[in-house]
Each structure stands twice: as structure tokens, then as C-alpha cells.
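What follows is a short report on a single structure.
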Amino acid sequence: QFHMIKYEDLRWSESLGQGSFTRIFKGSKIDIRDGERHVTDVLLKELDANHKNCWESFFEAASLMSQISHKHLLLVYGINVMVQEFIKCGALDLFLKREGSVSVSWKLDVAKQLASALNFLEEKNITHGNICAKNLLLAREGDASQGSSPFIKLSDPGINLNLMLLTVLVLDRIPWVAPEVLEAPERLELECDKWSFGATLWELFNGGQAPLQGLDLERKLQFYETYKQLPSSEWTELADLISQCMNYQPAFRPSCRSIIRQLNSLITSDYVILHAAEPLPD
Ligand code: ATP
Ligand code: MG
């Protein structure tokens, strides 16, 4: 599915701001297929000039994404400039903040889709390393209030954690990054994505707010050093799944199969019963 895209076949339009190490633009790519001119909206991600030293890692993230294909993984068309499919509804965290009221079954759908992407990566023995709500793109909104299905795609992992300054790692990546990785970045293994999945699940069920937001460097470090857990949900089965994923001992985190099984047994009606006495928050 990967093929060369010529630079002159790309059109750059408005800036969509900056990523961690990148500058992001909307654009389009033009290709001629069967003698016809096709224009596709794309997202162009370019390594920021200040981070030229991360080139190899950027290239790696782009080529990884362009080599694997799954319905819940973002399509990457080109890798010198990362040319990705453009996802209209954008990132999940922003969507959740904007939308306010999103049904529980909608959130469960998103969680299951992410789990299926994770399972796919696990089978291929690929660690993603940067799973968070910001990196889940909403290809289809569904009707959040009526519970019709969303469709998400996991974006690229970006620059390798090894290349990040410790302060940035602590401030930007706690609590998504698995604690063992903070001690030794080379310990980035499959289990680490389970931890991140737990943190992402927490975000999903907390309106897209970043967990531990506002804590300074010291406090964030302390959080891990004292083996703390995120504030737990009243929905005990959900809280339990999150804390299984965010187990400080990597070996005890659940397998993808177990995650999927548990998600399937989280029945929306349980949640409704739990909150029957009060108006539904979501
Ligand atoms: P990181 O490597 O830390 O994930 P990044 O360079 O990928 O950083 P992000 O912060 O993940 O940058 O993305 C910035 C914003 O760009 C997102 O919040 C989202 O709104 C938008 N965005 C990213 N990818 C796409 C895409 N494929 N389609 C549409 N919007 C996107
Ligand atoms: Mg990203």
C-alpha cells in the first residue's frame, strides 16, 4: 500500500499548530490513477527544525505506521514528511472536552476499538509507546448523545522516548508512560502499552481531562515513586480494569484478550443502575 509520493504532489494549507516535536499542517495530495486526477485531504507532519537530531526516530515512527495496516490504526502514506490521512473530527481528548455529554456505550465502543488495535500490535509484537487520548483520532463521531458508534484510529507514536529530556518525559508523559520506562527507556515493551491503555481509559471516562493535570515535576515523580493510582471511578468494574492495567509490576498487567473480555462484560446498564439515584453525568 506504500508508494512514493512526490513532494510536488503535496499541497500545504493552513497550520494546525505544533505537536511534541512536530509542526502540523492540513494539506492535500494529488495522484493520477487510471488517468484521473484524485485529490485526498491529508495531514502533514513535519519534524520541527529545532529537533533535527530526532530525524531517525521520526522516520522510524512514520515507516512503522506505513508498514502495518489495521482498521483502527491511522494510515500513513508517506514518510519523509509524514503524510497521514486527515481525520476531520480530530483528537479524542479535544472532542471529549468539547462535547461534554457523551454516552457510556459510546465510550465503551472507543475503548473496545483501542483494545482491538492493541491486540493487533501485540500479535505482531510491536510496542506503540505513546497511547493516549490525544493520539486517538476520531474518524467518525457517531452520535455521542444517541449512542451511535464512533470509529477511532490510533495515530503514530512520534519520537522515541530515549530522545526526550527527562523533564519533558515527566511533565508530558506521566501518567501515560509506564513507570519502569522512566527508570530505563529501553524497557519499553508490550506491557508498557497496557499501562498507557489504562491511563487512556481513565481519560476517556473523565471527559478527556488529562490525568494529574497541573502537578509539577516533583509531584509527578512522587506519584510514581509512591506507587499511587489515579482517582478511581465509582464504576467498580471499570476502576478495577484501569488499576489492573496500571499495575506497577509489568508482568501482572492483563493480556489484550483479558482486557477485551473485561470490556465486553462491562455492560452499560450496570452503570445506569449504579447511577440510578442521580442524574446521569454523561
Ligand atoms: P506526539 O508524538 O506527542 O503524539 P504529535 O506530533 O503527534 O505529538 P499531537 O499533539 O499528537 O502531535 O497532535 C496535535 C494535534 O493535531 C492533535 O491534537 C489533533 O488535533 C491534530 N491531528 C494530529 N493528527 C491528525 C490527523 N491525522 N488528522 C487530523 N488531525 C490530526
Ligand atoms: Mg500524536
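For region 122-136, residues that are within 17 Å of GLY208 (Cα to Cα) and in a loop (DSSP other than H, G, I, E, B) total 3.
Pairs meeting the criteria (first residue in region 149-171 and closer than 20 Å to LYS71 by Cα and within 10 Å of ligand 1 (Cβ to nearest atom), second residue of a type in the set (A, V, I, L, M, F, W, C) and part of a loop (DSSP other than H, G, I, E, B), beta carbons under 7 Å, at least 6 apart or on different chains) are LYS153/LEU74; LYS153/ILE87; SER155/LEU74; ASP156/LEU74; GLY158/PHE21.
Taking the conditions (1) in a loop (DSSP other than H, G, I, E, B); (2) more than 16 Å from ligand 1 (Cβ to nearest atom); (3) modelled with pLDDT of 95 or more; (4) not aliphatic (A, V, I, L, M) in turn, ASN119 satisfies each one other than (1).
Here GLN84 clears all of (1) in a loop (DSSP other than H, G, I, E, B); (2) near ligand 1 (Cβ under 9 Å from one of its atoms) except the condition numbered (1). Of the residues in region 137-146, not one is acidic (Asp, Glu) and either part of a helix (DSSP H, G or I) or modelled with pLDDT of 95 or more (or both). Of all residues in region 152-169, those that are open to solvent by 50 Å² or more (accessible area, probe 1.4 Å) and in a loop (DSSP other than H, G, I, E, B) total 2. Could you list, in sequence order, all residues of region 87-102 that are part of a loop (DSSP other than H, G, I, E, B), open to solvent by 20 Å² or more (accessible area, probe 1.4 Å) and more than 10 Å from ligand 1 (Cβ to nearest atom)? Within region 87-102, GLY100, SER101 qualify.
The values are calculated or read from the model by the stated rules, or taken from the named source; none is laboratory data. This structure is a prediction, so every number in the text was calculated from the model and none was measured. A quick note on method: Cβ atoms are made from the backbone with ideal geometry, for glycine too, and the neighbour counts reach across all protein chains shown. Ligands, DNA and RNA are excluded from the accessible area calculation, which covers all protein heavy atoms including side chains. Shrake-Rupley method; radii C 1.70, N 1.55, O 1.52, S 1.80 Å.
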